[in-house]
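Only one structure is covered here, and it is reproduced in the block below.
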Amino acid sequence: MEYLPEMHLHNPATVEEAIRLHDAAPASRYLAGGSDLLVNIRRGIEQPDHLVYLNGIAEMHAITDGPDQISIGAAVTLRELAESVLLREHFAAVAQAAGEVAGPSHREYGTLGGNLCLDTRCVFYNQSEWWRAANNYCLKYRGDTCHVAPAGKKCFAAFSGDVAPALLLFDAEVELAGPDGRRRIALMDLYRNDGMDHLTLTSGELMVAVHVPKMPSAIPTGYAKSRVRGSIDFPLAGVAVRMGLQDQLIADLRIGLTGVSPLPFLVRGLETFIGRRPDDACLEEVRDVVRRQAKAMKTTLTPPHYRRRVAGALAQKLAESIF
Amino acid sequence: MNKISPIQSIGIPKPLVDGPEKATGKAMFAADFQATDATVGRILRSPVAHANIISIDTSQAEALPGVLAVVTEADCADGYGVLPIAMNEWALARHRVRYRGEPVAAVAAMDVATAQRALDLIDVVYEELPAYFTADEARAEGALDLHDDKPGNIEREVEFDLGDVDAGMAKADLVREVDFHCAEVCQAQMEPHAAFAEYDAARERLTIRPSTQVPFYVHKMLARTMGMSESHIRVIKPHIGGGFGCRTETLQSDLIAGLLARKARGTVKVVLSREETFITHRGRPESHIKMKVGMTKDGTITAVDFTAQQRGGAYSGYGIVTILYAGSLIYGIYDIVSARFQGYRVLTNTPPCGAFRGHGTVKTRFAFENLIDGMATELGLDPFAVRRANLLVAPTMTENDLLVNSYGLDQCLDWVEKASGWKQRKGKLGPNKGLGMACSHYISGASKPKHWTGEPHATIHLRVDWDASITLLTGAAEIGQGSSTVMAQCVAETLGVDMGRIRVIAADSALTPKDNGSYSSRVTFMVGNASIDAAQNLKALLIEAAARKLEIAPEDVECLGEVYRGGQQDQGLTFEEVVMEALKGEGTLAVKGIYDTIPESWGGRKYRGAAIGGTMAFSYAAQVVEVTVDPDTAEITVDKVWVAHDCGKALNPLAVEGQVQGSVWMGLGQAMSEETRFHDGLPLHANMLDYRVPTIVESPPIEVGIIEANDPHGPFGAKEAGEGSLTGFLPALTNAVADAMGVRATALPLTPDRLLELLEKKARDERVSANASGKVA
């Protein structure tokens, strides 16, 4: 690990104060758990002079059970998410995904907001300054070549947060606050398909909370991820599945993916499975649909072929097991 | 009446003597040392893989306020290297860089930010040369030589042809030949490399605390690199956060710390990042092994014919030894009557490889044990039966003249077969589950030292003063493996005293006798024997003193450890009283013990380099691995490992169990997930996320059986315990997966993507053959 440069740390008590502090300093970043940001600072990927620490903001720590929705503060830790009885009951996949992030110590300080706003990852990007300089940098940062796909002009760095695909199953919305006030957008609209610039946050904006509408009736959901090791690792492919049956037939099917492209997304074209019996042949077709859309690139040491296959396999296994 | 008897210290579980410091966080590692005047040392590394250095301009860096020293190769008096016959490395690259990340210059500055700014101001002009990242590329026709004296980029070609291999193959009922590929792996020890160097400018003396397994070699290479008298250098080994072989040679960071401290005329701390520690490397080389074995219907091995090509990296390091071990240690475990070997150690533009736990033997053994497992299946033989058909009978000399005086492999086999329920469970575990087994062995120290000086292999000093405490002075490097504890046990047992009397002072060149270091599993055997010798010499002095005081003949003195007496009726003398008597007219007692190997153990002369492999004793191990494979994701779960290790007398069964479990676990990482990967010579793996050391989640229960086939020359019969069990895991895993899934992996690590490819290929082949047979029908 490289050395940490000197920075100013600010400790605001309210969202508004945080935004003001961030706005006042030219090179500043919001800091929550820091498990992603501090590593990137040590590697010279981020070079802020000011860090605005969000964990002192009470509003961002609450999990609120409303009549129609559950609101989760962005500074709620991943351990709290994983252990929340409320979330387990209503949004099992979200709690499971939070419990699958990295290792126990990361989950102790990593936050929901941090996991949703995680920088995209690539073996050519998550390296030291010396390394990236020796490799003439890359499209995502200071360079003009993508080493994953040198012929193209697109960055394929993969979004690798575990929680986002699970929240996508439930039409979650995120509440953002910035110098121009607050706004609420669909979680899906927080992301764009560009590894260089995958978040639609505007300058100075931070995530305050996530609002998840309750489902009228309980539909089984689950999350599974592939990784080389059973702890620590980011997902090679992460799959969230929501599947409801009526009279033994599929009545509801959604699948969210992460780790295989610059953004988390819901698999398209699943409506053709509605009304079908979830037998082996049907779920193998589901698997194949997922495989086709999990277009992983060479952003990890594990080859793309495997990540596509395993995304499909995990979707199939989850669909078999969650109800 | 209380029966007085000597206190026993051997063969009972003992906590490590340096445990309390480590458990409480008080242990000082190299990076923990502080000094008010300490400056930060930082290294400029080559961004290119292979280039001539046209110029290095350090003037701007030197002019930067806060910079105390800048060093380059111009500050080095000489090159260095661990093998006297292959010293072709420099602390800072001289005229040419040969791998990305090779140190080129270094600075000492008041703080880390200034040091980094200074590095950024150093201007190096490179003239790039063609670079070779694989052994095949480096050996290709027309490739530029990395070193002028190594034509064709061959560090060493090894050949032997013992017995009649062709006749052996002709005699076999089954001959099989398979190619094996094993990735390069890195030790990934917990503590990144560090050195804390203090230069006394008035006296021109250097004191250094390096994170090393070999303080003596660091001492020698510092003197050589710095052009200093060896007598002006003091090397103190601090606590060490693991080594596993990567610190069995002097590292650039040790030398750079010394160079910077001298130039800054003060104190410098060099702490490498994890990435730099990976780049320093000295791990196990990527290897391509072609293994051919002949076997009769009853499982008897008739001949072995094999080749190995190792990608050694940019400098010689231990390379010659590694490729020699890869050949010679085909012997020493089974009764091999004929074997032919051709090995190539190749120089490439990648970080230099070194000696990794199980040095040289691991990949050869993987190939061999994997291949014979498949052959056993083909012949319808039980894998245990095949091993038993080829056992050695000790004492014996192998065909390549390795001494085998003790041999517990048969007992190891019996233990794991029974413990794992092999006979009852094999083939009955249900779908996607399997059992695999394999064997391995390792030396108890290389019998011929690298620096042949005529000195004994090990020397121990014991000092006893008026307070009746025993101070044990040893140069042996405690690196977490428990060497200081073993020495204390050996001395305590020999004298029959309480271990609490003994204080171990280890590895400070100003205080302790020289020791070659902690590598090749030499310490327990050699330093343990020297400890016993020293304790016996001390005991003789004490008996003489007791005899004087008791006014009896020395042979009539009964030594009961804490009491010396003339007979049962005699109240006797306490240890303190005996010591006081011994000090009369003598003053402080200082005795010595030494150990040397016997010429019969020095290996053979049948081919060039045949001494490598020679050892006083071999450890033996067998293990059974049980796996479950997820057929959809190809993820392998290791459910359980049973391992039996013959370490002769287990001096400290607690430490033995820990070493064996650690070895198996390290083998698990190499077998399943760990590998280095390069992008044009840049390490893609140089962090703990991409270099995939197993976490506790993947770590299976490991049940250890200790087998004690005592060696006649071992200290109390003891042999090696810290390396031999690593190797067997690799083939046992692939054999278990073959049992579970019907596919045999020949490339490591067996990651889920590699296994999925094998499973998909099998499914395709089955479809093709089903279609073909369908057509026939």
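The values are calculated or read from the model by the stated rules, or taken from the named source; none is laboratory data. Nothing here was measured: the structure is a model prediction, and the numbers come from that model. Neighbour counts are summed over all protein chains in view; Cβ atoms, including those assigned to glycine, are modelled from backbone coordinates with ideal geometry.
Structure summary
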quantity	calculated
Unique match (being surrounded by 19 or more Cβ atoms within 10 Å (Cβ to Cβ) and more than 14 Å from chain A (Cβ to nearest Cβ)) among B:Pro701, B:Pro694, B:Pro715	B:Pro715
Members of segment B:274-304 that are surrounded by fewer than 21 Cβ atoms within 10 Å (Cβ to Cβ) and in contact with a Pro (Cβ under 9 Å, 6 or more places away or on another chain)	B:Arg274
Only one of B:Gly613, B:Gly667, B:Gly681 that is of a type outside the set (A, V, I, L, M, F, W, C), surrounded by 21 or more Cβ atoms within 10 Å (Cβ to Cβ), under 22 Å from B:Asn735 (Cβ atoms) and at pLDDT 95 or above	B:Gly667
Filter result for B:Glu191 (in contact with a strand residue (DSSP E or B) (Cβ under 8 Å, 6 or more places away or on another chain), touching a residue at least 40 places away in the same chain (Cβ under 8 Å) and not in a loop (DSSP other than H, G, I, E, B))	no
Any chance A:Glu46 is within 14 Å of chain B (Cβ to nearest Cβ), free of Cβ contacts under 8 Å to residues at least 24 places away in the same chain and surrounded by fewer than 18 Cβ atoms within 10 Å (Cβ to Cβ)	no
Residue in segment B:255-274 that is part of a helix (DSSP H, G or I) and within 14 Å of chain A (Cβ to nearest Cβ) present	yes
Lone unmet requirement of (1) crowded, with 22+ Cβ neighbours inside 10 Å; (2) over 17 Å from A:Gln69 (Cβ atoms) for A:Leu169	(2)
Near pairs, Cβ below 7 angstrom, 6+ apart or cross-chain, from segment B:656-684 (closer than 27 Å to A:Asn135 by Cβ and at the interface with another protein chain (Cβ under 10 Å from one of its Cβ atoms)) to any residue that is part of a helix (DSSP H, G or I) and β-branched (Val, Ile, Thr)	B:Pro683/B:Ile279
Among residues of segment B:522-555, those that are closer than 28 Å to B:Val486 by Cα and of a type in the set (Lys, Arg), counted	2
Filter result for A:Leu86 (more than 25 Å from B:Met688 (Cβ to Cβ), away from chain B (no Cβ under 14 Å), over 15 Å from the mean Cα position of the chain (by Cα) and assigned to a helix (DSSP H, G or I))	yes
B:Gly722, sole failed condition from (1) in contact with a helix residue (DSSP H, G or I) (Cβ under 6 Å, 6 or more places away or on another chain); (2) within 13 Å of chain A (Cβ to nearest Cβ); (3) assigned to a loop (DSSP other than H, G, I, E, B)	(2)
Qualifying positions in segment A:225-252 - hydrophobic (A, V, I, L, M, F, W, C), more than 14 Å from chain B (Cβ to nearest Cβ) and buried (at least 24 other Cβ atoms within 10 Å of the Cβ)	A:Ala240, A:Val241, A:Met243
Selection status of A:Gly99, crowded, with 24+ Cβ neighbours inside 10 Å, among the small types (Gly, Ala, Ser) and in a helix (DSSP H, G or I)	no
Odd one out for B:Gln60, checked against (1) within 30 Å of B:Val486 (Cβ to Cβ); (2) in contact with a helix residue (DSSP H, G or I) (Cβ under 6 Å, 6 or more places away or on another chain); (3) among the polar types (S, T, N, Q)	(1)
Matching residues in segment B:266-309 - criterion: being farther than 20 Å from B:Pro351 by Cβ and of a type in the set (S, T, N, Q)	B:Thr267, B:Thr296, B:Thr300, B:Thr302, B:Thr307
B:Ile323 under 30 Å from B:Leu403 (Cα atoms) and touching a residue at least 12 places away in the same chain (Cβ under 8 Å)	yes
Sole residue being within 14 Å of chain B (Cβ to nearest Cβ), under 15 Å from the mean Cα position of the chain (by Cα) and under 18 Å from A:Ala237 (Cα atoms), chosen from A:Ala95, A:Ala102	A:Ala102
Pair list, Cβ < 9 Å and 6+ apart or interchain, from segment A:1-18 residues that are within 14 Å of chain B (Cβ to nearest Cβ) to residues that are of a type in the set (Lys, Arg) and in a loop (DSSP other than H, G, I, E, B)	A:Met1/A:Arg43; A:Glu2/A:Arg43
Restricting segment B:635-653 to residues that are buried (at least 24 other Cβ atoms within 10 Å of the Cβ) and in a loop (DSSP other than H, G, I, E, B), the residue that is farthest from the other protein chains (Cβ to nearest Cβ)	B:Leu651
Only listed residue being part of a loop (DSSP other than H, G, I, E, B) and under 27 Å from B:Pro431 (Cβ atoms), chosen from B:Leu759, B:Leu750	B:Leu750
Qualifying position, being part of a helix (DSSP H, G or I), aliphatic (A, V, I, L, M) and in the same structural domain as B:Met499 (by TED's automatic domain parsing), among B:Ile552, B:Ile543	B:Ile543
